[in-house]
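First comes the structure, then the notes that go with it.
Every number here is computed from the coordinates shown, using simple stated rules; none is lab data. Just so it is clear, the structure is predicted and the values come from calculations on it, not from any experiment. Cβ coordinates were reconstructed from backbone atoms using ideal geometry, including for glycine residues, and neighbour counts include every protein chain displayed.
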Amino acid sequence: MNPDLLDQLGEQLGPNGLPYYLPIHPNLVHLTLGLFIVAISFDIVGALFPLEKRVFKFLAIPATRSNFFDVGWFNMVAAAVVTFPTVAAGFYEMLLAQPLSDGVSAWGLESLETMLWHGVGGVVLLALITGMAIWRGFQRYVWRKDRARQVQWSYLLAGLGVFTLMFAHGTLGAQLAAEFGVHISANQLLRAGEDLTMLNMLLPGGI
C-alpha cells in the first residue's frame, strides 16, 4: 500500500489505530469459537446419548437425541457463516495494524511473523470450518439421515482437531494484542507519549 495513503488514513484513525472505537475482529472471533465449540460439543453429547440417557432421566431433563443433533447442525452452519466476516474483518484490521516492532512473543516470533501466521491460520480455519459444515450437512441429509447417530466418529475427531488449531490461532491473536499492542488503545497512546487519562474520553461512554 502507498505510504502516503497510509499517512492520510492514519490521520483519520483513533488511538486504537482503527476508524471505529472497538476492534470488530476479536468480537467476531469469540462468536465463531463459541458457535463451533457448541456445535461439536452437542454432537458429542448426541453421539454418546445412549450412555447418558439414564442421567438425563434421573435429572428430569426432557432431552431427546435428535435435539442435540439439531443444535450441533445449526450452530455449525452459523459458525461457517460468521467465519467469513470474521476473517474479512481480521485482514482489514491487520492492514491498518502498526505493531510494536521491538521484542519477540512468548513463541519467539517477531510482530510481523506473528501477524503473518495469524493471517494464514485464519484462512486455514475458514476453509476447515466451511468444510466441516458441508461434511455435517451430508451426514444430516444424505449419509446418515435415517440413523439414530447422525454424526460419524471421524467427524467428531476432526472437530476436536480443529479445536487444537483454534487454540494455537487464538494464542497468536492474543500475542498480537497483548505483546505487540495491535489495536490496543492504551498501548498506542503510550507509544505516542500521550497521557492515559485521556483514554476515558476517547472510548464509548467516556466522560
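Tabulated values for the structure
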{"read-out": "Two-site FRET efficiency, Glu110 against Val77, from Cβ-Cβ distance with R₀ of 30 Å, rounded to 0.05", "value": "0.20"}
{"read-out": "Where a label projected 7 Å from the Cα of Ser66 along Cα→Cβ would reach, residues of the range 137-159 with amide N under 19 Å", "value": "137-152"}
{"read-out": "Segment Phe163-Ala178, length gained on full extension (0.36 nm per residue, minus Cα span)", "value": "3.2 nm"}
{"read-out": "For the range 171-178, 3J(HN,Hα) per residue [Karplus equation, 6.51 cos²θ - 1.76 cosθ + 1.60, θ = phi - 60°, Hz, x = Gly/Pro]", "value": "5, 4, x, 5, 5, 4, 6, 6"}
